[in-house]
Amino acid sequence: MSYLEYNVKTVPTGLRKVLHVNWPLVLLLAAVASVGFLMLYSVAGGRIDVWAEPQMKRFAIGLVGMLAIGFVPIWFWRNVSAVAYLGSLLLLVAVELFGDIGMGAQRWLEIGPLRLQPSELMKIALVMLLAAYYDWLDVKKVSHPLWVIIPVVMILVPTFLVLKQPDLGTAILLLAGGGIVMFVAGVRIWYFGTVIALGVALIFTVIESRGTDWQLIKDYQFRRIDTFLDPSADPLGAGYNITQAQIALGSGGWAGKGFMQGTQSRLNFLPEKHTDFIFTTLAEEFGFIGAFSLLMLYVMILLFCIQSALANRDRFSALLILGISSTFFLFFMVNMSMVTGLMPVVGVPLPLVSYGGTAMIILLAGFGLVQSAHIHRPR
Amino acid sequence: MRRSPRDAQESHRRIGRRAMLLGSLQAVFVGTLAFRMRYLQVDQADEFLLLAEENSIKVRLLPPARGLIQDRNGTVVAGNEQNYRITIIQEDAGDTSAVLDELAQLIPLTDDDRERTLKEAARTPTLPITIADRLSWEEFSRVAVNAPALPGITTEVGLSRFYPQGADFAHVLGYVGPVSDYDLSKIEDPDPLLKIPRFQIGKIGVEAKLEADLRGKAGSRRIEVNSSGRVMRELGRQEGDPGANVRITIDHRLQNYVQARLGEESAAAVVVDVNTGDILAINSAPSFDPNLFVRGISGPDYRALTENDHRPLADKTVQGAYPPGSTFKIVTALAAMEAGVINPGETVYCPGYTQLGNRRFHCWKRGGHGYVRMTESLEKSCDVYYYEVAQRVGIDKLAEMARRLGIGARFDLPMSAISEGLAPDKNWKLAKYGKSWLVGDTLNSGIGQGYVLASPLQLAVMTARVASGRAIEPRLVRAVDGLDVPLAEAPLLGLSDAALRAVRQGLFDVSNSQSGTAYRSRIVDDTMRMAGKTGTSQVRNITAAERARGVFRNEDLPWERRDHALYVCYAPFDAPKVAVSVVVEHGGGGSTAAAPIARDIVLHALHGGIPPLTAYPADQRNRIEAEREKLQLLDPEGPSGGRSRA
């Protein structure tokens, strides 16, 4: 859809755009972020300056960024999709060459004062590119093998680069996020069936490769899988995180131990208590009620996005909204599954809650695109 | 790209269908997650709550206060003192070395302290390491005030053993020290208390033998710890039971006096209550300060103790076994009279020696004593008389009498390494050396030489038994935890009155007859007259070469080859209260080296303090008075122990 296709009279312009922002969504995002502030305050032992305050500042910046992106017409974003994708790809290569090494993985790129994680950027850029691709592609050709190969390559190239860092969590998110956009775009379901079957076969092969000289993943990733399958086998080693996280969660009970009363997190039994494992502190201090409420907030964000997508007759917008909301879904789903022991531990933060550098700003930028699509929808 | 409206509509519908499908899939995932959360947080909550508590709540033992040891009148002789110490937690300190530098400006720190602290801190960075303990209050408060500027430093107050009387009780009480791996290896099922680092247990002596009573029961405190084991707060505290107080039979003032009186001699003295067997004083000299061992004795100090030829670490009172010399004549005399081989009125001629085959057994008096009766034989300590009687009675009966009087018998006392002494007989020699007993052996045994061995404690018990006529048992513990140890009247020895009377008269004459061997050490106060027996036991044979050179006098020999001086006595003669034995190693003659000490001890014991000079013969009073001034007593006048702390 080009500018000419929009009905200029019905698409809001100027300051009137403010009225057409999806405010409930903004409110929900702020609510989730506030839960984050509260928990960061708690895990810092009642100190605001350690994590909560920087997080608030970042959220404020992200919020402004989101609205700014939202006010830019959606067709602009469609037009720059390819540029965003190529830029992110370039940065991923750059990180491979000059990146900082942190926690045994090469993820960070330092540009002036900015510490950038290009893989975060790629999550949004990939969704943008795929949405633009399917917007451009004739609907009838969607399931044609040739036209399926192209998006698959688009997905696999960054996935491969991220996997090399190595960052299994982001790789999975990229793969799943890209797959979801293809799914929503209408690619025949048997493609997915085949890919899932192949995936299972691949996992089997990976496990088989263990200990041989063609081992496909790193030892620590194998250990994580082992630990996932039986955390109690090594409660003080690799299984420590999972065991302690589950103890924290479980001991929270129905209503929790109370704000700032979580023994597990306050006494440092929890690993990464302010980042990937922050959900356990919430679950410990506010119990099932608190944990379930946060889950419902996430679900409501999801619902508002799906509703917005369904109401949007622009193909790019709908695909973009669904793609970004699904990426968001994958974030919290993988994180919560990980800390509740449904999935092996992969480094995925809890969106908007975990203390995290660029992750939050980029996620909010993604929601900026959602807002842009919402504001500039054809009427 | 332009699209026909129909295409657009079809595309929109398709996205809608797929979006719904996707939404349903997401709902399934969310549902699964919600159920998982419910399972963990509601169904399994109790189990996880327990695990969380186990994680964060630890039980730490509280060491109980060790039971006090009191003397017979209640004065504390082993107490506990506040121990001010300073600990550091490496994790909090950051740069431990720098913090120690700061600390060194406040309190003296040795290089040893520093090295040990750094080493231990590196091993357990999250646990408190003791940097220095037993600080003075001034040092302690200086650190406490500056603690905020010293990261990781904590000041603590604990209890530590303290022996207010120092060296006086070192041998009998022993001392405590930190549990060693060796200690633990000896115990089947160690009390968890023993695993507390630096927990003090009795190492030797009463402290070790009555450990079970003194230790007490551990208390506990429930604390919350974080993942690195650091204590965050205390949740609850249950005090343990302090150890039982033990009251011993010793009188600390007498003990102090005896220790001072023995001075730097290598000597031992035992004072026994004749009627109850209570040990009123039991001293080995020279002694050492047990507090040094509690604090951890330094290498040079320890070497000084082990290399000293006067063996300060040995408890000569019970561990030492000496040939009793002439003091054994009491045994020989009683054995002979009980066997009926001699009666008190019968005389034996002493020409100065006894000829046995081609061997000559000399009397100490070269010219001989002439005709000697029982009482005279004791009074003048005639050897020939006892060669004769011993030969008549035979070694087996001699040994039996020795055991009856306590020599070669084992006493059940809470002291370490108690020697049984030795009352040799024919079977013993056969078993030990595979040789048959010779008459010459009997002769030597008769005068307490040869194989016969007795500890100073056994000599005191022997004397007390002769004085009372009863088989009293020595007793060291008077009460445990406020409960008196029952005391039954000792059974009679079953010796005939005539025999006992004769021996007692002989002993009285030793000290009170002008020709008695200990006449110079007599007591002139009629209420405290003393009966005793001197002994001089050879530690070597006089070689022919020495005899040729004319070396007979002890003073001419090197210290370690001189004779042991012994004296046993009881007093008052007519109503015996205390029995005393004194052994001065290499002291020379019993009458000159041991008897004067024994007399002073007897007088102090009977008078309950320094006796008036009128108890001494008039011509000795000036000298006695001068000697007294040299003695350094804890509290010559005070009614009870001075520096006792509880």
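The values are calculated or read from the model by the stated rules, or taken from the named source; none is laboratory data. On a predicted model such as this, the values are computed, not experimentally measured, just so you know. Please note: Cβ atoms are built from the backbone with ideal geometry, for glycine as well, and neighbour counts cover all protein chains shown.
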In the stretch B:265-322, anything touching a helix residue (DSSP H, G or I) at 6+ places or on another chain (Cβ under 6 Å), buried (at least 22 other Cβ atoms within 10 Å of the Cβ) and over 21 Å from B:Asp563 (Cα atoms) is listed as B:Val271, B:Val272, B:Val274, B:Leu280, B:Ala281, B:Ile282, B:Pro290
Mind checking which residues of the stretch B:6-24 are more than 9 Å from chain A (Cβ to nearest Cβ) and either at pLDDT below 90 or surrounded by 14 or more Cβ atoms within 10 Å (Cβ to Cβ) (or both)? B:Arg6, B:Arg13
Condition check: over 30 Å from B:Thr130 (Cα atoms) and aromatic (Phe, Trp, Tyr). Does B:Phe293 satisfy that? no
Can you pull out every residue in the stretch A:70-101 that is under 20 Å from the mean Cα position of the chain (by Cα), of a type outside the set (Gly, Ala, Ser) and surrounded by fewer than 20 Cβ atoms within 10 Å (Cβ to Cβ)? A:Leu86
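Let's see how each residue does on (1) assigned to a helix (DSSP H, G or I); (2) assigned by TED's automatic domain parsing to the domain that holds B:Pro63; (3) touching a residue at least 40 places away in the same chain (Cβ under 8 Å); (4) among the polar types (S, T, N, Q):
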site: B:Ala244; (1), (2), (3), (4): no, yes, yes, no
site: B:Arg253; (1), (2), (3), (4): yes, no, yes, no
site: B:Tyr257; (1), (2), (3), (4): yes, no, yes, no
site: B:Asn275; (1), (2), (3), (4): no, no, yes, yes
site: B:Leu280; (1), (2), (3), (4): no, no, yes, no
site: B:Asn283; (1), (2), (3), (4): no, no, yes, yes
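Give the residues of the stretch B:94-123 that are of a type in the set (Gly, Ala, Ser) and in contact (Cβ under 8 Å) with a residue 24 or more places away in the chain, sorted by residue number. Show your work before the answer.
In the first step, residues of the stretch B:94-123 are kept if they are of a type in the set (Gly, Ala, Ser); the result is B:94, B:97-98, B:104, B:121-122.
Those that are of a type in the set (Gly, Ala, Ser) and in contact (Cβ under 8 Å) with a residue 24 or more places away in the chain: B:Gly94, B:Ala121, B:Ala122.
Can A:Ile180 be described as modelled with pLDDT of 75 or more, more than 30 Å from B:Leu22 (Cα to Cα), within 14 Å of chain B (Cβ to nearest Cβ) and buried (at least 20 other Cβ atoms within 10 Å of the Cβ)? Before the answer, list the steps.
Numbers: modelled with pLDDT of 75 or more: yes; more than 30 Å from B:Leu22 (Cα to Cα): no; within 14 Å of chain B (Cβ to nearest Cβ): yes; buried (at least 20 other Cβ atoms within 10 Å of the Cβ): yes.
For A:Ile180, the condition - modelled with pLDDT of 75 or more, more than 30 Å from B:Leu22 (Cα to Cα), within 14 Å of chain B (Cβ to nearest Cβ) and buried (at least 20 other Cβ atoms within 10 Å of the Cβ) - is not met.
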So which residues in the stretch A:151-165 are within 16 Å of A:Gln117 (Cβ to Cβ), over 17 Å from the mean Cα position of the chain (by Cα) and either free of Cβ contacts under 8 Å to residues at least 40 places away in the same chain or surrounded by fewer than 21 Cβ atoms within 10 Å (Cβ to Cβ) (or both), if there are any at all? A:Lys164
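Based on what the data block shows, is A:Leu129 surrounded by 13 or more Cβ atoms within 10 Å (Cβ to Cβ) and modelled with pLDDT of 90 or more?
yes
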Just to be sure I understand, how many residues within the stretch B:322-351 are under 13 Å from B:Leu378 (Cα atoms) and part of a helix (DSSP H, G or I)? 10
Helices (runs of 4 or more DSSP H) contained in the stretch B:61-169 and holding at least 3 residues crowded, with 19+ Cβ neighbours inside 10 Å, more than 37 Å from the chain's Cα centre (by Cα) and of a type in the set (A, V, I, L, M, F, W, C): B:96-104
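Residue-by-condition table, conditions (1) under 26 Å from A:Tyr85 (Cα atoms); (2) facing chain B (nearest Cβ under 10 Å); (3) modelled with pLDDT of 90 or more:
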{"position": "A:Ile289", "(1), (2), (3)": "no, yes, yes"}
{"position": "A:Ala309", "(1), (2), (3)": "yes, yes, yes"}
{"position": "A:Phe331", "(1), (2), (3)": "yes, no, yes"}
{"position": "A:Leu342", "(1), (2), (3)": "no, yes, no"}
{"position": "A:Val353", "(1), (2), (3)": "no, no, yes"}
{"position": "A:Gly366", "(1), (2), (3)": "yes, no, yes"}
B:Leu33 passes all but one of (1) more than 7 Å from chain A (Cβ to nearest Cβ); (2) at pLDDT 90 or above; (3) farther than 20 Å from A:Ile321 by Cα; which number fails? (1)
